[in-house]
Amino acid sequence: MLLFTLGINHKTAPVAIRERVSFAPDRVGEALRDLVNNAGVEEALILSTCNRTEVYCEAPKADVNDAVDWFGRYHSLGRDEVGPYLYTHNGRSTVQHLLRVASGLDSMVLGEPQILGQVKDAYRRATQAGTIGRVLGRLFQHTFAVAKQVRTDTAIGASPVSVAFAAVRLAQQIFTDLGAQSALLIGAGETIELAGRHLRQQGIGRVIVANRTVENALRLAGELGGYAIGLPDLGRHLPEADIVVASTASPTTILDRATVEQAVRARRRRPMLMIDLAVPRDIEPGVAELEDVYLYTVDDLEAVIEENRRSRQEAAAEAEDIIDTEVSHFMGWLHAQSAVPSICEYRTIAEGMRDEVLAKAQRMLARGADPAETVLFLARTLTNKLAHGPCVQLRRAGFEGRQDLLDAGREILGLTPPEPQD
């Protein structure tokens with residue numbers, strides 16, 4: 001059986017490429033079924049976030065290149081367009097990579113906690129799509145347990161660091177007094193919620209929450225002490241915002257250059273900080289060319305979070321030790337699966353012998369045979385039948401001088417090593 005993953009992330013591809021290969025949440029199920037039907041894989045899961053898009057597969061017969069071709073085809077990209085940014089992992093490397101991802105060791109913000117929830121969401125969608133089977137099911141349940149252990153046993157998540165936190169830290173560097181500023185949050189998902197909470201903790205003066213579903217905006221605005229608007233009202237309220245943080249799942253931009261330019265004029269050139277945490281991007285890239293607008297994407301936050309990364313290196317080393325051990329545990333289980341057919345076959349043979357001998361013993365008792373002699377007959381006969389096959393094979397290995405087979409047989413049968421010969 002072949003376990004592999006392929007993908008791109010913030011280390012291998014810029015946001016302009018990542019947004020072209022992202023999967024919208026409502027399209028993941030369809031994509032998974034298409035992958036299973038057309039790339040020769042039996043189990044599949046897609047993890048798509050602002051910083052990575054990864055496909056995990058279990059495919060006894062398929063080649064990873066089949067999945068790579070599907071990946072490009074699905075996004076209407078040639079191999080030469082996406083290939084330079086792709087990485088792949090097989091077997092043990094796949095397991096190690098997934099455990100590192102779920103534990104926050106492969107994130108832009110080292111140890112950030114959001115990724116585990118995103119992995120769980122990806123697992124839920126794959127389960128709903130019917131593309132999770134025995135192998136990926138076991139792998140991801142193991143992953144969730146290991147990520148929890150890393151959080152519990154190390155200080156990897158000791159401080160509240162995330163992409164959202166990094167965005168707020170950037171705002172603090174630009175505006176010395178957040179209490180005098182207004183923030184416009186576009187979206188109502190986990191990233192925006194975290195950004196809103198961090199802003200409130202840092203004393204932000206005013207918060208506006210904009211979302212396509214106004215009910216969700218109202219819920220979050222109520223928690224943050226702000227007020228809610230729908231996306232159609234963005235242009236009217238944008239001039240009020242000193243800080244804009246956007247993170248939606250929209251496949252197209254939410255704010256274009258013309259709308260922002262109009263807002264800047266209404267603000268009479270007061271500076272505006274815009275942080276786009278979405279992939280695909282919510283804010284048109286051309287906005288960065290406007291005067292008095294400072295636009296940052298997830299890629300631009302790398303420098304802001306470098307300080308936090310350094311502070312977590314020691315905890316990360318401890319986490320790597322845990323992951324190495326747990327990778328070996330999972331690989332042991334995976335390798336053991338190749339023995340399952342042989343074990344099942346041998347148990348079936350053994351049960352057949354048992355039933356045959358038991359039937360004879362029952363007939364003996366029915367004819368009035370002595371129970372003690374019948375039990376002895378059953379024990380001897382069953383022992384001889386069970387031992388006959390292995391003894392024949394050991395004898396043949398000895399006759400043919402197959403010491404390797406003899407040693408393997410002794411190990412399988414749990415026999416003590418032979419005494420060394422002088």
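Residue-wise HN-Hα couplings along segment 390-398, as the Karplus relation 6.51 cos²θ - 1.76 cosθ + 1.60 with θ = phi - 60° gives them from phi, are x, 5, 4, 5, 5, 4, 5, 4, x Hz; Gly and Pro carry x. Extension gain, Asp177-Ala366: 0.36 nm per intervening residue step, less the Cα-Cα distance, totals 58.5 nm. Shown for the chain: lysine pairs separated by 8 or more places, or found on different chains, whose C-alpha atoms are under 30 Å apart, numbering 5. Here the chain was treated as a single set of alpha-carbon atoms; its pair distances binned every 20 Å from 0 give 21, 41, 21, 12, 5, 0 percent. For segment 340-361, the residues whose backbone nitrogen is under 17 Å from a point 7 Å from the Cα of Leu386, taken along Cα to Cβ, are 343-361.
Counting 0.36 nm for each residue step from Glu81 to Tyr227 and taking away their Cα separation leaves a gain of 48.2 nm.
Relative to the longest principal axis of the Cα atoms of the chain, the long axis of helix 28-38 makes an angle of roughly 40 degrees. In segment 358-407, one over the average inverse separation of all distinct C-alpha pairs is 12.8 Å, which is the Kirkwood hydrodynamic radius.
The trypsin sites (Lys or Arg not before Pro) of segment 199-297 that meet both conditions, a loop assignment by DSSP and at most 11 other Cβ atoms within 10 Å of the site Cβ, are Arg268, Arg269. Remark: the Asp153-His335 segment gains 62.7 nm on full extension, using 0.36 nm per residue and subtracting the alpha carbon distance. Applying 1/(1 + (r/R0)^6) with R0 = 41 Å to the Cβ-Cβ distance of Asp34 and Cys344 gives a FRET efficiency near 0.75.
For the pair Ser93 and Arg27, what calculated FRET efficiency results from E = 1/(1 + (r/R0)^6), where r is the Cβ-Cβ distance and R0 = 25 Å, to the nearest 0.05? Once the sixth-power term is evaluated, E becomes 0.35.
For Ile243, neighbours were defined as the other residues whose beta-carbon sits under 14 Å from its Cβ, and their charges (Lys and Arg +1, Asp and Glu -1) total 0. Entry note, segment 163-305: relative contact order of 23 percent, from Cα contacts under 8 Å with a spacing of 6+ residues. FRET efficiency for the pair Ile412 and Ser328, taken as 1/(1 + (r/R0)^6) with r the Cβ-Cβ distance and R0 = 22 Å, rounds to 0.55. I'd like the GluC sites (Glu not before Pro) in segment 335-422 restricted to DSSP loop residues with at most 13 other Cβ atoms within 10 Å, sorted by number. Answer in residue order: Glu400. Shown in residue order for segment 316-327 are the 3J(HN,Hα) couplings computed by the Karplus curve 6.51 cos²θ - 1.76 cosθ + 1.60 at θ = phi - 60°: 5, 4, 5, 5, 4, 5, 4, 5, 4, 5, 6, 4 Hz (x for Gly and Pro). Of all beta bridges that DSSP places with both ends in the chain, some 45 percent have antiparallel geometry. For the chain, the longest principal axis of the alpha carbon atoms and the long axis of helix 92-102 meet at an angle near 40°.
Relative to the longest principal axis of the Cα atoms of the chain, the long axis of helix 190-201 makes an angle of roughly 50 degrees. The modelled label-to-label distance for the pair Glu356/Ala16, using points 7 Å beyond Cα in the direction of Cβ, is 7.3 nm. Overall, the ratio between the Cα radius of gyration of segment 163-305 and 2.2 N^0.38 Å, rounded to two decimals, is 0.92. Taking amide H as placed 1.01 Å from N in the peptide plane, the amide H of Ile275 sits under 5 Å from that of Val244, Val245, Ala246, Tyr296, each at least 5 places away or on another chain.
Just so you know, all these numbers are worked out from the coordinates, no wet-lab data involved. Quantities reported herein were computed from a predicted structural model and do not represent experimental measurements. Neighbour counts are summed over all protein chains in view; Cβ atoms, including those assigned to glycine, are modelled from backbone coordinates with ideal geometry.
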